[in-house]
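The values are calculated or read from the model by the stated rules, or taken from the named source; none is laboratory data. In this text the structure is predicted, and so the values were computed from the model without any measurement. Every residue, glycine among them, receives a Cβ derived from its backbone with ideal geometry; neighbour counts consider all protein chains shown.
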Amino acid sequence: MGWTFTRGASKEKIMDEILEPWDTTATEETAKSWYGAKPAGTRTQSIVLAYRCVGDSLWYVRETTTTKPDGTVTVEKWIGLSLLEKDGSYGWGHKDMEESMGPYDDTCPVEFLDMAPQPEGEFCGRWREAIRRKSGKIAVQQSLFAPQTLTGMEPTAAEQ
């Protein structure tokens, strides 16, 4: 998958478009396309449960409901990443992927990992572990440098 740029688009406009709910129904035409591995009449609906933009990495957790023509319903929660980039004066663009595609980006909010099940594949487990490890290191670093007041250890008037 490549990049998609929109002439004159702001970063905020691109983010709004990415985060919009989906509601599509596969047609005979889309069912024949490489992307349309779904039978005609299959309805796909998706909403964003949480999102966070870290620099130019837009992370989100989506819940996608697929209803096949026979009435079978599946619900999936998954972590997505849209890399954002400005192309000079042309406008902003994005490159979209989901966790199982191997995002080599370690800025995913750690709380997102508990919101969606881990996809199959060797990469996903290692990637999630790296996110958790990095999150733990950041928390330790922040606690080392953050001013702390312990109950019962407040400075006395003489120490102030």
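Looking only at the stretch 12-48, count every residue that is aromatic (Phe, Trp, Tyr) and closer than 20 Å to Val73 by Cβ and tell me the total. Residues in the stretch 12-48 being aromatic (Phe, Trp, Tyr) and closer than 20 Å to Val73 by Cβ: 1 in total.
For the stretch 66-85, the set of residues classified as of a type in the set (Ser, Thr, Tyr), part of a strand (DSSP E or B) and loosely packed, with under 15 Cβ neighbours inside 10 Å consists of Thr74 only.
When the stretch 21-59 is filtered for residues that are in contact (Cβ under 8 Å) with a residue 12 or more places away in the chain and among the acidic types (Asp, Glu), the ones remaining, listed by number, are Asp23, Glu28, Asp56. Scanning the stretch 96-114 for residues that are farther than 12 Å from Trp59 by Cα and either touching a helix residue (DSSP H, G or I) at 6+ places or on another chain (Cβ under 8 Å) or part of a strand (DSSP E or B) (or both) returns Ser100, Gly102.
Arg52 passes every criterion in (1) loosely packed, with under 14 Cβ neighbours inside 10 Å; (2) out of contact with any Ser or Thr (no Cβ under 6 Å at 6 or more places or on another chain); (3) not in a helix (DSSP H, G or I) apart from (1). Does the stretch 56-65 contain any residue that is loosely packed, with under 12 Cβ neighbours inside 10 Å and assigned to a loop (DSSP other than H, G, I, E, B)? Within the stretch 56-65, none of the residues are loosely packed, with under 12 Cβ neighbours inside 10 Å and assigned to a loop (DSSP other than H, G, I, E, B).
Among the residues of the stretch 10-36, how many are at pLDDT 85 or above, outside any helix (DSSP H, G or I) and loosely packed, with under 15 Cβ neighbours inside 10 Å? Summing the residues that are at pLDDT 85 or above, outside any helix (DSSP H, G or I) and loosely packed, with under 15 Cβ neighbours inside 10 Å in the stretch 10-36 gives 8.
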